[in-house]
Amino acid sequence: MSELTLVIGNKNYSSWSLRPWIYMKNKRIKFTEKRIALYMENTTKLLEPYFSGYKVPVLIDDNLVIWDSLAIFEYLAEKYPDCNGWPNNPNARATARSVSAEMHSSFSALRNELPMNCRKKFSHFTLSSEVLYDIERIKEVWRYCKKTYGQKGPWLFGEFCIADAMFAPVVIRFTGYGVPLEGLEKDYVQTVINNTFLAEWIEAGKQEKEILEIAEVKI
Ligand SMILES: N[C@@H](CCC(=O)N[C@@H](CS)C(=O)NCC(=O)O)C(=O)O
C-alpha cells in the first residue's frame, strides 16, 4: 500500500485542513501529517511544490498530488471503498454529496464572520442577519439528513461519513461563538464534540504558537 501524506495548515485556524484529517483519522486510514503554518514569510515557498494554488489541504499519494478538500474526499472514497466514505444507499449517497457540495460552495457569511478558531470561546457574540441565515440553513440541512437517513446512528447519515467531516469545522464555530442550539442539532453537535479525534485536533490547535491577525475576529 502506498504512503499517504496530508499537508495541512495551522490546526487552530485551518478549517479546510480539518476536514480530510478528521475523516482519515476516524476511518483509520494511515497517513503522515505535514503541517505548514499559513501566512508566514516562508509559507508560499513551502507550498510551492504542491501545485495547489498555495492552499491546503493537499493529499500526496506517492507521485500523485490531490488538492481541494472535495477532490481529496472523492479520491479517498474510491481508494478505500470499504470505509464507506459516502453512504451505501444511493439516495443517501446523493444527498450526502449534495450537502457536502453545499458546504464546500456556500455559507460565506459564516466563514468570513465566524472564522474557525479553536482557542476562542465567546458567550455573547453578535451574529449578523447574514450569519443567522447561514446558521438556519445548516441546521435545516442537518435535520433533513438525520430525519431522512440518519436514524441508525448518531451521525448525519447514521455512520460517520464525508458529510460529517465537511461539517466538523462548523461545529467548532457553533460552540466557539455560542450559537444557540436545541434538540436534534444540539445532539449532533455533541456527537461531533465528543469525537476523540476532534478533541485531539482542538487541543493541538490550542498549543500552536502562531496568532494570525487575518483570522482573528475583532470585537
Ligand atoms: N476550496 C479549497 C479551499 C482551501 C483553502 O482556502 N484553504 C485555506 C486554509 S483553511 C488556505 O490554504 N489559505 C491560504 C491562502 O489562501 O493563502 C478546499 O476545499 O480545500
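Return yes or no: is Thr126 assigned to a helix (DSSP H, G or I) and of a type in the set (S, T, N, Q)? So Thr126 fails the test.
Per the conditions (1) more than 30 Å from Gln207 (Cβ to Cβ); (2) away from the ligand (no atom under 16 Å from the Cβ), the sole criterion not satisfied by Thr126 is (1).
Note on segment 9-29: residues that are closer than 12 Å to Leu59 by Cα and more than 9 Å from the ligand (Cβ to nearest atom) total 2. Checked against the criterion of being at pLDDT 95 or above, surrounded by fewer than 15 Cβ atoms within 10 Å (Cβ to Cβ), near the ligand (Cβ under 10 Å from one of its atoms) and not in a strand (DSSP E or B), segment 32-39 has at least one qualifying residue.
Among the residues of segment 52-64, those identified as more than 13 Å from the ligand (Cβ to nearest atom) and more than 9 Å from Leu6 (Cβ to Cβ) are Asp61, Asp62, Asn63, Leu64.
Figure legend. Inter-residue proximity from segment 86-110: first residues assigned to a loop (DSSP other than H, G, I, E, B), second residues of a type in the set (Gly, Ala, Ser), beta-carbon distance below 7 Å, spacing 6+ or different chains. Indicated pairs: Trp86/Ala77; Trp86/Ala96; Pro87/Ala96.
Remark: pairs (first residue in segment 1-24, assigned by TED's automatic domain parsing to the domain that holds Tyr39; second residue basic (Lys, Arg) and near the ligand (Cβ under 9 Å from one of its atoms); Cβ separation under 9 Å; 6+ apart in sequence or on different chains) = Gly9/Lys55; Trp16/Lys55.
Residue-level analysis places Glu140 among those that are more than 30 Å from Lys79 (Cβ to Cβ) and among the acidic types (Asp, Glu). Filtered by the rule that a residue be at positive phi and either in contact with a Cys (Cβ under 9 Å, 6 or more places away or on another chain) or part of a helix (DSSP H, G or I) (or both), segment 161-203 gives a lone residue, Gly183. Among the residues of segment 61-85, the ones that are closer than 19 Å to Lys25 by Cβ and not in a helix (DSSP H, G or I) come to 5 in all. Checked against the criterion of being more than 13 Å from the chain's Cα centre (by Cα) and either closer than 20 Å to Asn26 by Cβ or touching a residue at least 24 places away in the same chain (Cβ under 8 Å) (or both), the candidates Ala165, Ala204 yield just one match: Ala204. If the condition is being surrounded by 19 or more Cβ atoms within 10 Å (Cβ to Cβ), within 15 Å of Ile138 (Cβ to Cβ) and of a type outside the set (A, V, I, L, M, F, W, C), then segment 177-215 contributes Tyr177, Glu185, Tyr188.
The values are calculated or read from the model by the stated rules, or taken from the named source; none is laboratory data. Please read all numbers here as calculations on a predicted model, not as lab measurements. Backbone-built Cβ (ideal geometry, glycine too); neighbour counts: all protein chains shown.
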